[in-house]
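Engineer: Got a structure for you, questions after.
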Amino acid sequence: MTTDQLRSKFLKYFESKGHPVIASDSLVPKDDPTVLFTSAGMNQFKDYFLGKRKDLKRAASCQKCLRTGDLDNVGKTPSHHSLFEMLGNFSFGDYFKEEAIAWAWEFLTRELGMKKEDLWVSVYKDDDEAFGIWKDKIKVPEERIVRFGAKDNFWPANAPEEGPNGPCGPCSEIYFDRGEKYGCGKPDCKPGCCRRHVEVWNLVFTQFNRVGPNKLEPLPNKNIDTGMGLERLASVMQGVPTNFDTDIFKPIIDEIRQLTDKNDPAHINAVADHVRAAVFCIADGVLPANTGRGYVLKTLIRRSLVHGRFLGLNGPFMYKLVDSVVRAMKGGYPEIGERRENISVIIKSEEEKFFQVNEDVRTDLENLSAELKAGRKATIPGDRIFYFHDTRGLPIDLIREFTSGEGLDLDLDGYERLMEEQRRKSRGATKLTGEVFAETLTAAVLGTGTRSEFIGYEKLESASSVIALIKDNKAVDHVKGPSDFAAVLDITPFYGETGGQTGDKGVLEGKGFKIDVLDTKLVEKVPVHICSIKEGQVNAGDKVKAVVDSGRRMAIARHHTATHLLQAALRKVLGQHVHQSGSLVAPERLRFDFTHFKPMSAEEIAAAESLVNGYIRDNAGLSVQVMGIEEAKKTGATALFGEKYDKNVRVVDVKGISKEFCGGTHLKATGEIGIFKITAEESVAAGIRRIEAVAGEAAYDKIRESEKILKEVADSLMVKPGDLPAQIDNLLNRVADLDKKLRAYQAESLKEKAKELVSGKELSDNGIAIVARRLDGYAPDTLVNLTDVVKRSLNTGLVSMLAGAYEGKAFIVVGATDDLAKSGVDSRAIIKVMSSVIRGGGGGRPDLAQAGGKDISKLDEALKAGMIAVKEIKK
């Protein structure tokens with residue numbers, strides 16, 4: 001049975017048991033800042049488990065998940081993964097243990113045909129209820145039911161004793177017996193003994209609220225949260241020894257084997273896992289970065305490249321595997337195929353950066369090695385390891401590889417202490433974010449239990465009632481001015497910020513008060529008005545007249561409709577690979593991020609701008625329809641990749657030009673935009689470009705501003721604006737000519753200066769000629785050029801040390817002729833001694849090194865220290 005068939009069977013089975021099938025959420029949790037990635041099937045149902053939402057009683061899903069806590073084990077064990085799929089069925093105060101256990105058993109034994117005698121179950125040691133259901137109702141022999149403690153069969157693990165406080169409960173797990181050939185050989189082998197028994201399904205019975213150590217109170221509403229790893233289930237059903245031998249991994253692993261002649265399953269499996277994870281992260285909008293989710297993605301890519309080195313792959317290769325991931329996963333996630341080319345470009349770019357950084361960092365490691373050896377030290381300190389790994393992005397395996405070649409040891413204990421400190425801070429930051437999140441406006445609004453009707457697509461004014469007032473993140477019954485607060489109305493024309501469109505502003509007018517609406521947010525689909533009252537008092541229940549700033553709304557609508565036209569134009573000019581990656585729609589401008597592989601040329605920008613203005617002149621009409629999501633897809637409407645939509649979606653159709661899923665506010669016809677102007681095009685990340693533009697009155701103002709600047713420049717050059725190009729060409733030619741003459745003069749001047757310096761050289765007892773001079777006012781690059789000329793003047797047996805003050809800083813350049821550098825004289829070791837005197841640092845190559853420092857007063861002392869260091873060199 002294929003993995004795709006297993007996924008489908010599971011969802012259909014639970015659909016037949018009254019479970020709505022909910023699509024996988026994004027890997028990036030939309031409304032939960034307490035976690036970086038979706039790590040379990042229950043994540044998207046958090047509000048249901050907490051009782052904040054009640055429109056579902058049960059659900060089933062296959063959720064793509066990402067966990068990075070066990071990356072070191074990925075590839076080494078049969079079933080560790082970073083990205084995996086979690087099958088799950090859930091009950092929110094509906095059914096409980098008996099149904100959950102019975103359906104799990106029925107699905108495995110009847111639907112999948114597993115032999116009952118191959119299955120074992122575990123229960124929490126004190127859960128007699130679950131034990132009784134398994135034994136008496138399911139008829140599992142008592143000898144195949146094992147009891148485990150809270151570490152193994154409670155969620156969260158060890159919660160009764162260790163916490164945290166909150167909802168928790170016992171687990172029951174179902175194990176599959178792979179047979180004696182996978183076991184330890186002991187006659188009493190059972191789950192928990194070895195890898196013979198594979199945990200297939202975990203059933204969590206959330207029935208308690210922990211209020212203190214070993215103090216568990218029954219919950220009024222008991223929940224079911226189950227999880228079954230799809231990859232592990234596939235390995236069992238397909239009778240293969242590891243998850244990596246299943247059909248879902250085969251295309252990826254086959255592709256890797258085409259790239260290498262080495263047969264190293266651990267490294268091959270790790271690459272297969274990590275490239276899958278990288279593809280799905282990027283597909284859900286994550287881009288490589290130095291913090292947060294982007295750092296996790298960067299780590300996955302770089303770990304893959306380290307594994308690749310062990311497979312003889314010493315250049316970018318992961319991008320070549322994207323097609324195989326798409327082929328393997330298209331059954332469950334056909335949408336990733338739409339971005340395969342863009343994903344390949346992003347991965348390749350990050351790979352290229354890694355290898356470039358590798359070279360740059362290697363130079364810095366060599367400098368550090370020279371510095372340590374000069375000081376007769378043989379161990380790289382923990383803080384330097386931490387710097388190269390955490391700040392510079394070099395994997396520990398590559399640091400080990402370098403130091404072993406240099407004969408240096410690593411202070412790994414010191415490094416681990418710093419890494420643990422960083423992990424502790426990171427955990428604290430995440431916890432803090434979660435605590436703040438719990439007290440935010442979102443929690444406050446949900447706590448009011450209010451709902452509001454949005455009528456802002458048709459009207460900009462309404463007669464409304466205040467149904468909730470929120471101040472200091474708490475619901476209150478009145479607010480006195482002057483004060484800032486939030487308000488919820490029963491009916492509102494105010495659009496809440498979402499989908500990249502900024503929220504509305506306006507006023508709420510009532511008896512004895514006038515409230516300024518400074519912004520509008522959308523919280524759990526409720527428009528929340530961010531308000532300020534200067535005087536008077538507003539009470540919950542008051543009647544108000546809600547009035548949106550119509551001019552501002554119109555400006556936003558111009559920019560939003562223009563954004564749709566821009567995407568259509570870009571797909572015509574650049575190709576159908578263009579997809580929206582993000583946007584901002586504001587009254588004064590728009591920003592549009594999209595998938596594309598290189599900077600747009602001036603001609604392409606002009607063509608896109610011209611197309612949009614053509615669409616505006618066509619005055620095409622806009623229509624809006626609400627329809628089922630599948631029906632909308634069939635009409636050709638485009639969706640924002642990675643976004644999760646409701647069953648019914650709003651489709652904005654610009655006749656003959658564009659059709660998109662969109663909940664924003666728009667014009668009635670394109671002609672209302674007036675004019676459109678692109679103001680900037682730039683890179684956001686590899687494979688992602690950004691256009692900034694203005695429309696309507698904002699575009700007109702931008703054009704007037706440009707004309708004013710153009711006229712001022714023309715007036716300053718005393719020419720007409722139309723003659724500016726010719727005048728600028730003339731000036732550039734004159735500058736180039738003067739620059740050429742200046743360089744010739746400088747070269748001749750350096751030769752003369754070099755002769756002067758060499759004539760004053762000092763010959764040390766070790767036979768090395770030394771040029772040491774302080775030259776204030778020389779720029780650092782001039783000192784470097786002069787050092788090169790000095791070295792060429794003598795050609796052999798010379799060390800040059802030039803130091804000087806420039807723009808308030810101290811600079812030193814040391815150079816050694818090639819013969820000395822090859823014989824072991826190292827400019828980096830000399831610069832290290834000198835830079836410490838001026839409270840600075842630097843580096844370079846054995847034949848040329850430079851440094852900067854803060855203490856100009858110590859430059860002469862630094863030159864003396866350099867002289868001593870050279871004289872102590874033993875040739």
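The values are calculated or read from the model by the stated rules, or taken from the named source; none is laboratory data. In this text, all values refer to a predicted model and were calculated from it rather than measured experimentally. A quick note on method: Cβ atoms are made from the backbone with ideal geometry, for glycine too, and the neighbour counts reach across all protein chains shown. Protein only, heavy atoms only, side chains kept; ligands, DNA and RNA dropped before computing areas. Shrake-Rupley method; radii C 1.70, N 1.55, O 1.52, S 1.80 Å.
Engineer: With the checklist (1) open to solvent by 20 Å² or more (accessible area, probe 1.4 Å); (2) in a strand (DSSP E or B) in hand, flag the one item ASP94 doesn't pass.
Structural biologist: With respect to (1) open to solvent by 20 Å² or more (accessible area, probe 1.4 Å); (2) in a strand (DSSP E or B), ASP94 is out only on (2).
Engineer: A further question follows. In the set ASN613, ASN648, ASN619, which member is out of contact with any Asp or Glu (no Cβ under 6 Å at 6 or more places or on another chain), modelled with pLDDT of 95 or more and exposed (fewer than 13 other Cβ atoms within 10 Å of the Cβ)?
Structural biologist: ASN619
Engineer: Here is a further query. Of everything in region 616-648, what is closer than 23 Å to ARG558 by Cα and hydroxyl-bearing (Ser, Thr, Tyr)? Give them in sequence order. Walk me through it before giving the result.
Structural biologist: First, pick out the residues of region 616-648 that are closer than 23 Å to ARG558 by Cα: 616-626, 637-640.
Those that are closer than 23 Å to ARG558 by Cα and hydroxyl-bearing (Ser, Thr, Tyr): SER623, THR638.
Engineer: Going by the structure shown, is ASP273 among the acidic types (Asp, Glu) and assigned to a helix (DSSP H, G or I)?
Structural biologist: Here the answer is yes, as ASP273 does meet what is asked.
Engineer: Additional query: Is there any pair with a first residue in region 45-57 that is over 17 Å from ARG451 (Cα atoms) and a second that is open to solvent by 80 Å² or more (accessible area, probe 1.4 Å) and not in a loop (DSSP other than H, G, I, E, B) whose Cβ atoms are under 9 Å apart and which are 6 or more apart or on different chains, and what are they?
Structural biologist: Going by the 9 Å Cβ cut-off, there are no qualifying pairs.
Engineer: Residues in region 552-575: is at least one without any contact (Cβ under 8 Å) to a residue 12 or more places away in the chain, part of a loop (DSSP other than H, G, I, E, B), farther than 27 Å from SER464 by Cβ and over 25 Å from the mean Cα position of the chain (by Cα)?
Structural biologist: Taking every residue of region 552-575 in turn, at least one turns out to be without any contact (Cβ under 8 Å) to a residue 12 or more places away in the chain, part of a loop (DSSP other than H, G, I, E, B), farther than 27 Å from SER464 by Cβ and over 25 Å from the mean Cα position of the chain (by Cα).
Engineer: Please work out if VAL654 is of a type in the set (A, V, I, L, M, F, W, C) and more than 17 Å from ALA562 (Cβ to Cβ).
Structural biologist: no
Engineer: Can LYS655 be described as of a type in the set (Lys, Arg), open to solvent by less than 80 Å² (accessible area, probe 1.4 Å) and at pLDDT below 95?
Structural biologist: Values: of a type in the set (Lys, Arg): yes; open to solvent by less than 80 Å² (accessible area, probe 1.4 Å): no; at pLDDT below 95: yes.
No; evaluated as a whole, the condition is false for this residue.
Engineer: Related question: Before we move on, is GLN580 closer than 25 Å to SER344 by Cα and open to solvent by 30 Å² or more (accessible area, probe 1.4 Å)?
Structural biologist: In short, yes.
Engineer: Going by the conditions given, is ALA769 over 48 Å from the mean Cα position of the chain (by Cα) and free of Cβ contacts under 8 Å to residues at least 12 places away in the same chain?
Structural biologist: Here the answer is no, as ALA769 does not meet what is asked.
Engineer: Provide a single number: the residues in region 503-533 that are part of a loop (DSSP other than H, G, I, E, B) and either buried (at least 21 other Cβ atoms within 10 Å of the Cβ) or touching a Ser or Thr at 6+ places or on another chain (Cβ under 9 Å) (or both).
Structural biologist: The number of residues fulfilling the criteria is 5.
Engineer: OK, next. Mind checking which residues of region 534-549 are under 20 Å from LYS459 (Cα atoms), touching a Leu at 6+ places or on another chain (Cβ under 8 Å) and open to solvent by 40 Å² or more (accessible area, probe 1.4 Å)? Please lay out each step first, then the result.
Structural biologist: Initially, region 534-549 is screened for residues under 20 Å from LYS459 (Cα atoms), giving 543-549.
The next check asks that each one be touching a Leu at 6+ places or on another chain (Cβ under 8 Å); those that pass are 544-548.
LYS545 - this is the single residue of region 534-549 that is under 20 Å from LYS459 (Cα atoms), touching a Leu at 6+ places or on another chain (Cβ under 8 Å) and open to solvent by 40 Å² or more (accessible area, probe 1.4 Å).
Engineer: Taking into account only those residues within region 316-330 that are in contact with a Lys or Arg (Cβ under 6 Å, 6 or more places away or on another chain) and in a helix (DSSP H, G or I), which is most open to solvent (accessible area, probe 1.4 Å)?
Structural biologist: Step by step, filter region 316-330, then rank; the result is TYR319.
Engineer: Identify, please: which residue in region 346-371 is β-branched (Val, Ile, Thr) and at pLDDT 90 or above and is, among those, farthest from PHE249 (Cα to Cα)?
Structural biologist: By that ranking, first place goes to ILE346.
Engineer: Let me ask something additional. Looking only at region 222-249, count every residue that is out of contact with any helix residue (DSSP H, G or I) (no Cβ under 9 Å at 6 or more places or on another chain) and either open to solvent by less than 10 Å² (accessible area, probe 1.4 Å) or under 30 Å from GLY93 (Cβ atoms) (or both) and tell me the total.
Structural biologist: Result for region 222-249: 1.
Engineer: Output yes when any residue across region 764-786 is open to solvent by 90 Å² or more (accessible area, probe 1.4 Å) and out of contact with any helix residue (DSSP H, G or I) (no Cβ under 9 Å at 6 or more places or on another chain), and no when none is.
Structural biologist: At the first step, the residues of region 764-786 found to be open to solvent by 90 Å² or more (accessible area, probe 1.4 Å) are 765, 781.
Subsequent filtering for residues that are out of contact with any helix residue (DSSP H, G or I) (no Cβ under 9 Å at 6 or more places or on another chain) retains 781.
Yes - at least one qualifying residue is present in region 764-786.
Engineer: Does THR563 satisfy the criteria of being touching a Gly at 6+ places or on another chain (Cβ under 7 Å), open to solvent by less than 40 Å² (accessible area, probe 1.4 Å) and among the polar types (S, T, N, Q)?
Structural biologist: The answer is no for THR563.
Engineer: To continue, here is another question. Mind checking whether some residue in region 305-315 is in a helix (DSSP H, G or I), in contact with a Phe, Trp or Tyr (Cβ under 7 Å, 6 or more places away or on another chain), modelled with pLDDT of 90 or more and surrounded by 18 or more Cβ atoms within 10 Å (Cβ to Cβ)?
Structural biologist: Yes, region 305-315 contains a residue that is in a helix (DSSP H, G or I), in contact with a Phe, Trp or Tyr (Cβ under 7 Å, 6 or more places away or on another chain), modelled with pLDDT of 90 or more and surrounded by 18 or more Cβ atoms within 10 Å (Cβ to Cβ).
Engineer: So if I check each of PHE37, PHE14, which one is within 22 Å of the chain's Cα centre (by Cα) and among the aromatic types (Phe, Trp, Tyr)?
Structural biologist: Criteria check complete, one pass: PHE37.
Engineer: May I pose another question? Would you mention how many residues in region 624-634 are open to solvent by less than 60 Å² (accessible area, probe 1.4 Å) and either under 27 Å from HIS577 (Cβ atoms) or assigned to a helix (DSSP H, G or I) (or both)?
Structural biologist: Total satisfying the criteria: 3.
Engineer: Still on this structure, please answer the following. How many of the residues making up region 176-190 are within 21 Å of GLN238 (Cβ to Cβ) and surrounded by fewer than 22 Cβ atoms within 10 Å (Cβ to Cβ)?
Structural biologist: Residues that pass the stated criteria total 7.
Engineer: Take region 827-854 and flag every residue that is assigned to a loop (DSSP other than H, G, I, E, B) and open to solvent by less than 30 Å² (accessible area, probe 1.4 Å).
Structural biologist: ILE838
Engineer: Going through GLU712, GLU748, GLU756 one at a time, which residue ends up being in a helix (DSSP H, G or I), modelled with pLDDT under 90 and on the phi < 0 side of the Ramachandran plot? Walk me through how you get there before you give the answer.
Structural biologist: Details: GLU712 fails: modelled with pLDDT under 90; GLU756 fails: modelled with pLDDT under 90.
Just a single option satisfies the conditions, and that option is GLU748.
Yes or no, residue by residue, for (1) open to solvent by 60 Å² or more (accessible area, probe 1.4 Å); (2) within 23 Å of LEU203 (Cβ to Cβ); (3) at pLDDT 90 or above:
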residue: LEU6; (1), (2), (3): no, yes, yes
residue: LEU11; (1), (2), (3): no, yes, yes
residue: SER16; (1), (2), (3): yes, yes, yes
residue: ASP25; (1), (2), (3): no, yes, yes
residue: ASP32; (1), (2), (3): no, no, no
residue: ASN43; (1), (2), (3): no, yes, no
residue: LYS46; (1), (2), (3): yes, yes, no
residue: PHE49; (1), (2), (3): no, yes, no
residue: LYS52; (1), (2), (3): yes, no, no
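Here is a yes/no grid of residues against (1) under 25 Å from SER24 (Cα atoms); (2) open to solvent by less than 10 Å² (accessible area, probe 1.4 Å); (3) without any contact (Cβ under 8 Å) to a residue 12 or more places away in the chain:
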site	(1), (2), (3)
ILE252	yes, yes, no
ARG257	no, no, yes
ALA270	yes, yes, no
VAL275	yes, yes, no
ALA278	yes, yes, no
LYS298	yes, no, no
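Engineer: Looking only at region 10-45, which residues are outside any loop (DSSP other than H, G, I, E, B) and out of contact with any helix residue (DSSP H, G or I) (no Cβ under 6 Å at 6 or more places or on another chain)?
Structural biologist: The answer is PHE10, LEU11, LYS12, PHE14, GLU15, SER16, ILE22, ASN43, GLN44, PHE45.
Engineer: Taking the condition of being farther than 30 Å from GLY575 by Cβ, aliphatic (A, V, I, L, M) and part of a helix (DSSP H, G or I), how many residues in region 339-396 meet it?
Structural biologist: Counting residues in region 339-396 that are farther than 30 Å from GLY575 by Cβ, aliphatic (A, V, I, L, M) and part of a helix (DSSP H, G or I) gives 9.
Engineer: Would you be able to tell me the number of residues in region 150-175 that are open to solvent by 30 Å² or more (accessible area, probe 1.4 Å) and either under 16 Å from TRP105 (Cα atoms) or at pLDDT 95 or above (or both)?
Structural biologist: Of the residues in that region, 0 qualify.
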